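Enquirer: Dumping the structure here so I can ask a few things about it.
The values are calculated or read from the model by the stated rules, or taken from the named source; none is laboratory data. What you see is a predicted model, and the numbers here were worked out from it, not measured in a lab. Backbone-built Cβ (ideal geometry, glycine too); neighbour counts: all protein chains shown.
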Amino acid sequence: MEENNKPLEVRTHVTPEEYLAPGSDEDKKGVMIGAILGIVLIIIVTIAFLVFLLVAPPGVTARIRDIFIIFLAIQSLLIGIVMIVLIVQLSQLTNLLRNEVKPILDSTNETVNNLRGTTEFLSDNLVEPVMKANEYSASARQFISAMGMFRRSGRKSSESNE
């Protein structure tokens, strides 16, 4: 029972390698071997089918040819429908970019330009005068401390004479 009370380990960071390529190398090798075996199997079945067509009577070959032509016609029809859907989706994307995203980008550009102008104004009218005042006060402090050092050294020498 005590083993069930252990706290769970929670990972908050995933490295890019772990995110892009999850699984071990053995899993990848297994998938690659399976894909290669699948492709080889498809090639063997296709060759066997072609050999069957070569030795089959002409009537069977004609029927298979007709079925294949019908299959290609249906496939062409489906490809045409998918192309129409793709064109409609592309036109909707173009419309979205033109009518919704472009105004957002324009207003963002305007905001950035306003911020740039504001920062330049603040830099010219607030930061520079404050920095100059700090420069003057620092130089005045240095001057005063330098003058104070001279006076102290003078006092020390006069006190040591007494």
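Enquirer: Of the residues GLU18, GLU3, which is modelled with pLDDT under 90, assigned to a helix (DSSP H, G or I) and exposed (fewer than 10 other Cβ atoms within 10 Å of the Cβ)?
Expert: Checking each option against the conditions leaves just GLU3.
Enquirer: Being aliphatic (A, V, I, L, M), within 25 Å of the chain's Cα centre (by Cα) and in a helix (DSSP H, G or I) narrows it down to one residue among LEU97, LEU78; which is it?
Expert: None of the others qualify; the one that does is LEU97.
Enquirer: Which pairs do you get when a residue that is over 19 Å from ARG63 (Cβ atoms), found in region 34-51, comes within reach of a residue that is assigned to a helix (DSSP H, G or I), reach meaning Cβ atoms under 7 angstrom, with the pair 6+ apart or on two chains?
Expert: Qualifying pairs under 7 Å: none.
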